[in-house]
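As structure tokens, the structure follows; a few thoughts come after it.
The values are calculated or read from the model by the stated rules, or taken from the named source; none is laboratory data. All figures in this text were calculated on a predicted structure; none of them were measured in a lab. We place every Cβ from the backbone using ideal geometry, glycine too, and count neighbours over all the protein chains shown.
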Amino acid sequence: MKLTTLLFYFLLFTNITHAQDKVVRDYGYPPLVPGIVELKIGDQVPDILIDKIINNDKRSIRTSDYKDRLLVLDFWDIYCTTCIASMPKIDSLQNVFNGQVKLLSVTYQPEEMISKFFKTNRFLNEHQPPVHRASVVDDRILRTYFQYETNPHVVWINKGKVVAITGGEYITSKNIHTLLDGKVVDWPIKTERFDSSTPFVTLNPLWQDATDSPNYSYSILTGQVTSVPNEGGIHFIQDSIHNFTRVAIFNQDIMTTYQIILHNTKPEINMEDITKGLKEKPYLNTHPSRTVLDMKDPSRLIYEKVYGDYNDWVKKNSICYEQVKSGVLDKTIMAKFAVQDLNNRLGLYARYERRKVKCLVFVKTDKPITDTVENGGTPLWTLVMLNLDMNKKFPPAIDETGFSGGLNMEAYDGTIAGLRKEIQRHGLDLIEAEREIEVIVISDSKL
């Protein structure tokens, strides 16, 4: 199994920035096309030729083909699990609004890679019919007109004019109806011009000498800030020049914020450790069974349909958080300070505990382990979490085999029964059993 999907989960909870002076990002995108001016909300879209479209009735289209309709560009790549998870919903909306709306996925990645992805991705192919989104491939032109750094990135073009630039969560039936009804929208703009290495708060210049104190520290908690991009992960900066350390998280719901920060209270894991097949890696997994809410009212931590529109809930319950302390401190120490601070500010008590949970357990059989791969192969503990469980519908998986290598896996039908049959061929088995594992517990504060 390739480690790129695994890296997404790993990097979501580890530091995004770790620098002294300047943050440098390299997302691996191809260069922009010279001479093209970036388009903003309110701009009229020129007649752009959009070619290299796969899974579509036409290999190429022009933006002018949609001068009287709604065209939605959904920028994605195969490493964006959020983008992939949303594809069945987007495909369904395309069928509902066919003829009125064109929902077109767009990626910079090459055609061969994307075609293979749609043929082999189990999550998309388990749907009936299988989901093979109409997607532009090898794109540079559209990314130059609508520049972005993180996916999903959605551009809404209504009757030839850019009317909104959002995240993927705004692709809903309600929002499509709003634009088709001719209503003006004022959705938050997905912006990526924010320098996450800059402190969220600037002190009065008259008080700059306060930063020299060994007791210098501050923290700030706000609600959703639409001028700040919705970036997962923790921003961590050690500044030895100015002698301070900073952690920050932007526009995440409260439960995700706690999951990210608690993950960072653990020692950092390198990729060699990840692939060793250790028995338990609870803080790499965001499975619902690994987060327990012992609360009278969990409505501000987890969304339910009865709460109304999801985007309204996100606006109400997303937070931005920043903490700065004097000195160059370890990330795990800063994360522990941040958990304590958030507990006090939010009136909650979040921590790790060991609790008994129903699990899928990889075990040895009385047969020898066979058909293994010395370098590479598929680590056992990734099989359920990453190969099958994007919807997190199975119990969390743990490994009790002691086997640290990789398996030479053959294709199976994408079910637990199929996975079990395949690993039995290797002398292993997968059982359902209760185990005591480490989970995140969030409860009401006792204070």
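Among the residues that make up segment 330-338, is at least one of them touching a residue at least 12 places away in the same chain (Cβ under 8 Å) and not in a helix (DSSP H, G or I)?
Of the residues in segment 330-338, the ones touching a residue at least 12 places away in the same chain (Cβ under 8 Å) are 331-332, 334-338.
Now restrict to residues that are not in a helix (DSSP H, G or I): none.
No: segment 330-338 contains no residue that is touching a residue at least 12 places away in the same chain (Cβ under 8 Å) and not in a helix (DSSP H, G or I).
Taking segment 173-211 only, how many residues are of a type in the set (V, I, T) and at pLDDT 90 or above?
To start, the set of residues in segment 173-211 that are of a type in the set (V, I, T) comprises 176, 178, 184-185, 189, 191, 198, 201-202, 211.
If we keep only those that are at pLDDT 90 or above as well, we get 176, 178, 184-185.
The number of residues fulfilling the criteria is 4.
Considering K116, K89, which residue is over 20 Å from V163 (Cα atoms), under 19 Å from the mean Cα position of the chain (by Cα) and of a type outside the set (A, V, I, L, M, F, W, C)? Quick ask: steps written out before the conclusion?
Values: K116 fails: under 19 Å from the mean Cα position of the chain (by Cα).
The unique qualifying residue is K89.
Evaluate the following for V162: is it closer than 23 Å to K58 by Cβ and not in a helix (DSSP H, G or I)?
Values: closer than 23 Å to K58 by Cβ: yes; not in a helix (DSSP H, G or I): yes.
Spelling it out, V162 is indeed closer than 23 Å to K58 by Cβ and not in a helix (DSSP H, G or I).
When segment 299-324 is examined, which residues are found to be crowded, with 19+ Cβ neighbours inside 10 Å and outside any loop (DSSP other than H, G, I, E, B)? Lay out the reasoning, then the answer.
Just the residues of segment 299-324 that are crowded, with 19+ Cβ neighbours inside 10 Å, to begin with: 301, 317-319, 321-324.
If the condition is that a residue be crowded, with 19+ Cβ neighbours inside 10 Å and outside any loop (DSSP other than H, G, I, E, B), then N317, S318, I319, Y321, E322, Q323, V324 are the ones that fit.
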